[in-house]
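Have a look at the structure below, then the notes.
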Amino acid sequence: MNFMTPIESPNLPKRGITLAAVSVGAEKAKEYLLSRGISVFDILPCAAITDGTAAHADLHLLHLGGRKIILSREQCNNAEKLIEMGFDVQVLDTPLGDKYPADVPLNAALFGSYAILNPKTVCKNIDFSGRSLIPVRQGYTKCSVVPVTENAIITDDGAIASAAEKNGLAVLLVSKGDVILPGREYGFIGGCCGLIAPDTMLFNGSLASHKDSEKIRAFLSSFGVRAEEAGDFQLTDIGSILPLAER
């Protein structure tokens with residue numbers, strides 16, 4: 001296990017990462033991370049959820065920054081691993097459910113000083129104090145948002161794009177439908193990627209399989225970020241690549 005320095009600002013590492021939370025079934029992303037010397041915290045599936053989102057990291061884990069992590073009840077037996085690494089772990093009182101919004105109490109996009117979330121669907125007991133809240137109607141918020149810097153995001157949700165722009169964020173709005181998700185009509189852009197270094201965004205699949213790939217590359221590049229790919233296959237929503245610790 002690499003030395004663990006928790007990432008202070010959720011989703012935004014300042015150095016190369018040493019630990020990421022990823023769905024246990026995301027084999028290609030896990031292979032890529034491990035090949036780069038990055039340890040993986042496997043997110044285990046929720047038996048109640050019957051489609052491809054059962055083990056999605058962005059449904060089961062919310063990193064509040066630093067050592068603070070909230071986990072779903074389904075990760076209860078898994079929590080010890082994070083505690084041993086020095087994280088302060090809270091576990092949800094109630095299990096996740098199959099039907100929306102019972103699957104999204106931990107689904108919020110936290111980065112920099114912002115929290116983009118649906119206040120009606122996110123767990124009421126989470127303390128977001130110190131953050132500028134951007135309320136939206138989309139409950140799958142982290143699935144829909146790619147934090148690029150503390151002031152820039154990519155999203156495939158028009159209402160999130162509008163709300164973020166009103167709060168002064170730089171936003172790239174991309175089209176939906178080019179990210180696949182087994183058991184659903186399509187996946188989300190936020191669910192297929194995550195920063196593995198401040199200048200490196202890892203995509204689970206080939207960015208060329210997205211019709212807006214050139215726009216995505218150009219937007220990332222404008223913030224000094226390059227795209228890396230876990231393999232030559234259709235972009236696939238695995239429930240985000242969540243960076244937790246860095247060098």
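Among the conditions (1) over 24 Å from Pro135 (Cα atoms); (2) part of a helix (DSSP H, G or I), the only one that Leu59 does not satisfy is (1).
Applying the criterion of being charged (D, E, K, R) and more than 18 Å from Val225 (Cα to Cα) to the residues of segment 150-193, the residue that is surrounded by the most Cβ atoms within 10 Å (Cβ to Cβ) is Asp156. Filter segment 114-135 down to the residues that are in contact with a strand residue (DSSP E or B) (Cβ under 6 Å, 6 or more places away or on another chain) and surrounded by 18 or more Cβ atoms within 10 Å (Cβ to Cβ), then identify the one that is farthest from Ser213 (Cα to Cα). Going through the qualifying residues, I end up with Arg131. Only residues that are among the aliphatic types (A, V, I, L, M), over 25 Å from Phe223 (Cα atoms) and buried (at least 17 other Cβ atoms within 10 Å of the Cβ) were counted in segment 25-43, giving 3.
For segment 194-247, a residue qualifies if it is surrounded by 22 or more Cβ atoms within 10 Å (Cβ to Cβ) and either of a type in the set (Ser, Thr, Tyr) or in a loop (DSSP other than H, G, I, E, B) (or both), and the qualifying residues are Asn204, Gly205, His210, Ala230, Leu235, Thr236, Asp237, Ile238, Gly239, Ser240, Ile241. Evaluate segment 124-146: report whether one residue or more is in a helix (DSSP H, G or I), within 23 Å of Ile69 (Cα to Cα) and among the small types (Gly, Ala, Ser). Looking through segment 124-146, at least one residue is in a helix (DSSP H, G or I), within 23 Å of Ile69 (Cα to Cα) and among the small types (Gly, Ala, Ser). Here Ala47 meets the list (1) closer than 25 Å to Ile180 by Cα; (2) open to solvent by less than 70 Å² (accessible area, probe 1.4 Å); (3) at pLDDT below 95; (4) of a type outside the set (Lys, Arg) almost entirely, failing just condition (2).
Any chance you could count how many residues in segment 72-85 are within 17 Å of the chain's Cα centre (by Cα) and surrounded by fewer than 22 Cβ atoms within 10 Å (Cβ to Cβ)? Adding up the residues that qualify gives 0. Here Asp103 meets each of (1) in a loop (DSSP other than H, G, I, E, B); (2) open to solvent by 70 Å² or more (accessible area, probe 1.4 Å) with one exception, condition (2). Which members of segment 159-193 meet the condition of being closer than 20 Å to Phe203 by Cα and outside any loop (DSSP other than H, G, I, E, B)? Passing the criteria: Val171, Leu172, Leu173, Ile180, Gly190, Gly191, Cys192, Cys193.
The values are calculated or read from the model by the stated rules, or taken from the named source; none is laboratory data. Keep in mind it's a predicted model, so treat the numbers as computed, not measured. Glycine also receives a Cβ, built like all others from the backbone with ideal geometry; neighbour counts cover every protein chain displayed. These area figures cover heavy atoms from the full protein model, side chains too; ligands, DNA and RNA do not enter into them. Shrake-Rupley method; radii C 1.70, N 1.55, O 1.52, S 1.80 Å.
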